[in-house]
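Just below is one structure, and these are the notes that go with it.
All of the numbers you see were taken from the coordinates with simple rules; none came from a lab. Since the model is a prediction, treat every value here as computed from it, not as a measurement. Heads up, the Cβs are rebuilt from the backbone with ideal geometry, glycines too, and the neighbour counts pull from every protein chain shown.
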Amino acid sequence: MSDVPANPRLGEPRLEEARLEKPRLEETRPEEPDPAACILAGPPSRGPDSENFPVASWLIAPALRRRVLAFYHFVRAADDIADAPHLAPGERLARLDALAAALEDPRTPLPVARALQEAGDGLAEARIMLDAFRQDAELSRLPDWAALLDYCGRSAVPVGRLLLRLHGEVDATAQEGADALCTALQILNHLQDMGEDLRRLDRLYVPRDWMALAGGEARFLADPEARAPVLAAMLDRVEEMLDRAAALPHRVLSTRLGLEAAVTWALARRLLARLRAADPLEGRVALGRADFAAALLAAPGLRRGGRPGSGSPGSGSPGSGSLDARLVRARVRRARSSFASGMAATRGPARRAMYAVYAFCRAVDDIADGTLPEAEQRAALAAWRRKLEVPDCPLSRELAWARAEFTLPLAECRAMIDGMEADAGPHRRIATQAELDLYCRQVAGSVGALAVRIFGAAEAEPFGLALGHAFQLVNVLRDIDEDAARDRLYLPADALAAAGIPPGGARAMVAHPGLSTVAQALALRARAAFATAEALMPEHHRRALRPARLMLLGYRALLEEMIGQGFLPPRQRPRLGRWRKLGLLLEGWRP
């Protein structure tokens, strides 16, 4: 081979000479600023494998995973800017604006913006999320729950909607489930990161009006006992969202997306349980590898599980394996009710219906007793009135099934809500014994009237009403101090005045020695109510009403414990030992 000149054209330096001269030429050229350094807050704080919940995991099809990751890297960059503690709020906003401009610039040199443009999906969702990140950059508190939901609608909901769209999912119920799941995840993240967000950013997304119920933000942060009811009420809302989202893995047609949704849902349930058992201000509550492994193993079963609403009203089918029924059953078992033995004595459709009725009563009672503003309590109870007409969640669908299957009067469910509406608000007093009797009829007589129908003894309604009355009087006596902590007092005001107890704060009133006389008189009324109920129990329905009799024996034993202890402070909450419970169980099952 003949030698070929390196630079055959005249006037050009040889290649070796050009290489020697190149550094001198670069030294004289002004250095161009790195666009990423001018906009981004630094290297990503997290990656897709280190987020709290799955992000574009291997469950997502490879062709879609690349597009999801392009979206993820862009919004991660935006989130890091909004959360950068070393940047002033104005600088965060300026950088987010620059990031938004890069997203719209087809010639942008910014890699995360260019990658998202090339992916061709997620631009609209990214714009919505940028709006939420702008809020993060300059606001550190939210006024109320509506503001928190609005924020979640911009910071989390777009992610679920993008995944549905990429997979061609168009089912409206799937979108509702995705919205609920994404909102729940966002609130869970806020709660688990609460301590870190406060230290780094002075950010706290617990609504201000909720913290006001704990005595204000300062007390909320300083006092775990004041903080706990507020966090519990928020987690109750999250649990409702997760129940609504439980159908998502079944609603989507894509198996891969269904499994991804199932894993995410299972992880959210596990984090919810952890947050209920711990205080996130005392240490970050997080999931570990074992949780991810357990959720992954559970995903196929969640994907294949019964669909919501199976065992439709009036079908005659127990439907006990339906998703709605399983969710309600799990909720009842977690509650560890005093009525557990009575409900356990039922079987098949009757047990499912009792679970639905109990869970409904517990749900509306939690609203009335929850640490949330009165306006939200009343709005939530009004929503339950609508749910009675148009069921829209697992619990309301189960209740609708029970009503149809056992011909349960809608008026009794409304009566329960009436009683809870009377409880809503920061204070509660009962003027007279007649008013207390009405309250007992609403919140406990309604349960008795529903239960006897489920037990197959509709004509035993007088027995059910009397038994419910007795139960509620026991509740009033048992919860005197717990209610007083909420400034509630259910002992009749006229009887308290007659005992020389002046009106005032409930704590002071229940500490008065004269309260013992009023409580003792009410206890005797409760004892008489139990006797009336036993006299009204139809002998020919004694077997069918065995669950009610088990409840009667347990509650009457609690009453006798309280009468034996007396009602002078300090009052001990009555409890039945294991052997006592076993004895009552055997007595209840006796023919």
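Of all the stretches in the chain, which is the longest one without any exposed loop site, taking trypsin sites (Lys or Arg not before Pro) in a DSSP loop (any state but H, G, I, E, B) with at most 15 other Cβ atoms within 10 Å? Let's see the in-between values first.
Working: sites that count: Arg9, Arg14, Arg46, Arg107, Arg284, Arg336, Arg347, Arg542, Arg543, Arg575.
Longest run free of exposed loop sites: 348-541.
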Practice prompt. Per residue of the stretch 577-585, in order, report the coupling 6.51 cos²θ - 1.76 cosθ + 1.60 (Karplus, θ = phi - 60°) as ³J(HN,Hα) in whole Hz, putting x for Gly and Pro.
Written response: x, 4, 5, 5, 5, 5, x, 5, 5
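Assuming R0 = 51 Å, can you tell me the calculated FRET efficiency for the pair Ala404 and Asp34, based on Cβ-Cβ distance, to the nearest 0.05? Show your work: numbers first, answer last.
Details: r = 66 Å, r/R0 = 1.30.
Efficiency computed from Cβ-Cβ geometry: 0.15.
For the chain, what is the relative contact order in percent, using Cα pairs closer than 8 Å and at least 6 residues apart in sequence? Show your work: numbers first, answer last.
Numbers: 775 pairs, mean separation 51.5, N = 591.
Reported as a whole number, the value is 9 percent.
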Worksheet entry | Integer Hz, Karplus 6.51/-1.76/1.60 couplings in order for the stretch 49-57, x for Gly and Pro | 8, 10, 6, 5, 9, x, 10, 6, 5
Worksheet item: Given H placed on each backbone N at 1.01 Å, which residues far from Cys393 in sequence or on other chains put an amide H within less than 5 Å of it?
Response: none
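Starting from the Cα-Cα distance between Arg334 and Gln572, subtract it from 0.36 nm times their residue separation and give me the gain in nm to one decimal.
Details: separation 238, 0.36 × 238 = 85.68 nm, distance 2.41 nm.
Full-extension gain reported as 83.3 nm.
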Discussion item. Per DSSP helix of 4 or more residues, -39500 (n - 2.57); summed, then divided by the residues of the chain. What does that give at 222 nm, rounded to the nearest 500?
Written reply: -21000 deg cm²/dmol
Item to complete: Hey, can you grab everything whose amide H is under 5 Å from the amide H of Leu142? Only 5+ residues off in sequence or another chain; H modelled, so Pro and N-termini drop out.
Response: Arg208
Fill in: Rounded to 10°, Cα long-axis angle of helix 255-277 versus longest principal axis of the chain
60 degrees
Discussion item. Give me Asp479, Asp83, Asp392 sorted ascending by neighbouring Cβ count inside 10 Å, so fewest comes first.
Written reply: Asp392, Asp479, Asp83
Worksheet item: Using the alpha-carbon atoms, what tilt in degrees (0 to 90, nearest 10) does helix 15-28 show relative to the longest principal axis of the chain?
Response: 60 degrees
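State to the nearest 20 debye the size of the charge dipole of the chain about its Cα centre, where the only charges are +1 on K and R beta carbons and -1 on D and E beta carbons.
Values: 79 positive and 76 negative charges, 585 e Å.
For the chain, the charge dipole is close to 2820 debye.
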Response to the item:
For the stretch 118-134, Karplus-derived ³J(HN,Hα) couplings (6.51, -1.76, 1.60; θ = phi - 60°; whole Hz; x for glycine and proline) come out as 5, 5, x, 10, x, 5, 5, 5, 5, 4, 5, 5, 4, 5, 5, 5, 4
Worksheet item: Hey, of (1) 1.12; (2) 0.97; (3) 0.95, which did the structure itself give for Rg/Rh (Cα atoms, Kirkwood Rh) when calculated?
Response: (1)
